[in-house]
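Down below is the structure, laid out as C-alpha cells.
The values are calculated or read from the model by the stated rules, or taken from the named source; none is laboratory data. Only a predicted model underlies this, so the values are computations on that prediction, with no experimental measurement involved. Cβ placement follows ideal geometry from the backbone for every residue including glycine, while neighbour counts extend to all protein chains displayed. Quick note on the areas: whole protein, heavy atoms, side chains included, nothing else; ligands and nucleic acids left out. Shrake-Rupley method; radii C 1.70, N 1.55, O 1.52, S 1.80 Å.
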Amino acid sequence: KNKLATQQGSAVIVALFVVSLVAAAAVAMMVRMQIDIRRTTLLQQSNQSYLIAQGSVAWAIDTLITDWKQQQPNRVMDATPIQSKTDDKQGYKITSAIYDIQSQFNLNNLNSVNYQENFMRLLRAADPQLPIAQAKIIVQATSDWLGAGKSDEFDAYYAKLKPPYRAPHRPMASVSELRLVKGMTADLYNKLLPMITVLPETTTISVNNALPPVFMSLSATLTPDAAKTLAASLARQPAGSVQILQNNDILRNNPLQADQISVTSNYFLVKTDVTIDQQHTILYTLLMRSIINSRPVIKMLWQTKGTL
C-alpha cells in the first residue's frame, strides 16, 4: 500500500508538472501572439498613414499650381506657411503645411565662391561668440566637402578620426552632412538648423519668410536689431517684388545682394502629420515648381518619414 501511494503521489506530481508546462507554453504562445498582432497592427497603420499622407501631397501640388495661376503683380504668390484644414474622421487625424524652404540658406550654394562670405556672416549671426578663425575653417571645409577647392588637408583630417570617413566632394543630400564637416560642433549645428537647407541647384533666398540671421548673411552692414525689424516688417507686409523690398527704409542704408534674393520660391517643403489611434507619423516631402511652356509643373524630389 505504501508503494502504491508513493507511485500515485509521483503520478500526481508528474501530472501537475506537465500541466504547468502546458500552461506556461500556452501563456508564452498567447503573449507572442499578442505581440505579433500588435506588430502587424502597427505595420498596417504605418502603411495606411503613408498612403493617407499622399493625399496631402496632392493637395500641396494643387495649391502651388493654383497660386501660380492666380498670381498678381506686386503681390506675394505663395503666402507660406500654408496650412491645410485638419481632417479628423474615420479614426485618423491629418494636418499638412507647406513651407517656403528656399527662404533658408542653401548649403550647396557654397560650390560657388560668391556665397562663402555669406556663409561666414551666417555663422557669425547664428553664434556671435564663434571665433573668426573657426568660422573660416568651417566655410573652407564645407566648400571642400562639396568639391569646390578640394584640399588634401581636410581629407587627411577626416582619415585620422575614429571612425575615419571621407569627404564626398559632391553636393550635400542632407543638412545633417554639415555635422561631419571639420570645425562644426553640435551646438553650432543646432543653432544653424532652422536657417539652412540643401537644394539640388544654386538658389536665391526667398526673403519674405527668411529669418533675421539669413538677412544678415545677405548684407555686410545689417545689424541684428535691423534684421529682426526687417523680418517683422515682412511678416506683417510681405514684399511683392525685389524692387519694393529694396525700397524698405532699413535696406536703403543696408542693401542686400540683389542677385541673391527673390520674392518667389521654386522649392517647398510639405510636412504632413497623420495620427491613427495612438500612432503618430510625420512625412516630409520636397516639391520643386518649374515653369515649362508657360505652365507650372510640380516635381517631387524626395520623401522621408520622421526626420529630415
- [ ] Inspect all residues belonging to region 62-78 and state whether any of them is more than 23 Å from the chain's Cα centre (by Cα), of a type in the set (V, I, T) and at pLDDT below 90.
- [x] yes
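Looking at region 217-237, which of its residues are under 26 Å from L286 (Cα atoms) and touching a helix residue (DSSP H, G or I) at 6+ places or on another chain (Cβ under 7 Å)?
Here is the first cut: in region 217-237, the residues under 26 Å from L286 (Cα atoms) are 217-218, 231, 234-235.
Matches in region 217-237: S217, L218, A231, L234.
Quick one: is V22 farther than 30 Å from F215 by Cβ and either loosely packed, with under 10 Cβ neighbours inside 10 Å or in contact (Cβ under 8 Å) with a residue 60 or more places away in the chain (or both)? Give the steps one after another, and end with the answer.
On the way: farther than 30 Å from F215 by Cβ: yes; either loosely packed, with under 10 Cβ neighbours inside 10 Å or in contact (Cβ under 8 Å) with a residue 60 or more places away in the chain (or both): no.
So V22 fails the test.
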Open item on the list: Cβ-Cβ under 8 Å, sequence separation 6+ or interchain: first residue in region 232-257 and more than 17 Å from A220 (Cα to Cα) and free of Cβ contacts under 8 Å to residues at least 60 places away in the same chain, partner in a loop (DSSP other than H, G, I, E, B) and open to solvent by 40 Å² or more (accessible area, probe 1.4 Å). Which pairs?
Closed with: none
Task: Matching residues, region 260-276, being open to solvent by 40 Å² or more (accessible area, probe 1.4 Å), closer than 24 Å to V214 by Cβ and not in a loop (DSSP other than H, G, I, E, B) - done: K271
Open item on the list: Which condition from (1) over 19 Å from the mean Cα position of the chain (by Cα); (2) at negative phi is the one that M184 breaks?
Closed with: (1)
Task: Members of region 146-160 found to be open to solvent by 50 Å² or more (accessible area, probe 1.4 Å) and either aromatic (F, W, Y) or not in a helix (DSSP H, G or I) (or both), listed by number - done: G149, K150, Y157, K160
- [ ] Can you tell me which residue among Q279, Q246, Q257 is open to solvent by 30 Å² or more (accessible area, probe 1.4 Å) and touching a Pro at 6+ places or on another chain (Cβ under 8 Å)?
- [x] Q246
Open item on the list: Condition (residue is closer than 22 Å to T221 by Cα, more than 23 Å from the chain's Cα centre (by Cα), of a type outside the set (A, V, I, L, M) and assigned to a helix (DSSP H, G or I)) applied to region 105-115: is it met by at least one residue?
Closed with: yes
TODO: Report yes if some residue within region 198-206 is small (G, A, S), surrounded by fewer than 19 Cβ atoms within 10 Å (Cβ to Cβ) and outside any loop (DSSP other than H, G, I, E, B); otherwise report no.
DONE: no
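Could you tell me which residue of region 282-297 is nearest to the chain's Cα centre (by Cα), considering only residues that are more than 30 Å from Q44 (Cβ to Cβ) and open to solvent by 30 Å² or more (accessible area, probe 1.4 Å)?
Narrowing region 282-297 to residues more than 30 Å from Q44 (Cβ to Cβ): 288-297.
If we keep only those that are open to solvent by 30 Å² or more (accessible area, probe 1.4 Å) as well, we get 288, 290-295, 297.
Working: M288: 15, S290: 21, I291: 25, I292: 27, N293: 31, S294: 30, R295: 28, V297: 23 Å.
Per the stated criteria, the residue is M288.
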Open item on the list: For region 83-103: of the residues being modelled with pLDDT of 95 or more and β-branched (V, I, T), which is nearest to S290 (Cα to Cα)?
Closed with: I101
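Any chance region 149-172 includes a residue that's among the basic types (K, R), within 21 Å of the chain's Cα centre (by Cα) and modelled with pLDDT under 95? Steps first, please.
Just the residues of region 149-172 that are among the basic types (K, R), to begin with: 150, 160, 162, 166, 170.
Within this subset, residues satisfying the condition of being within 21 Å of the chain's Cα centre (by Cα) are 170.
Within this subset, residues satisfying the condition of being modelled with pLDDT under 95 are 170.
Taking every residue of region 149-172 in turn, at least one turns out to be among the basic types (K, R), within 21 Å of the chain's Cα centre (by Cα) and modelled with pLDDT under 95.
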TODO: With the checklist (1) in contact (Cβ under 8 Å) with a residue 24 or more places away in the chain; (2) open to solvent by 40 Å² or more (accessible area, probe 1.4 Å); (3) among the aromatic types (F, W, Y) in hand, flag the one item W302 doesn't pass.
DONE: (1)
- [ ] Check off (1) more than 26 Å from Q243 (Cα to Cα); (2) open to solvent by less than 90 Å² (accessible area, probe 1.4 Å) for D100 and give me the number that stays unchecked.
- [x] (1)
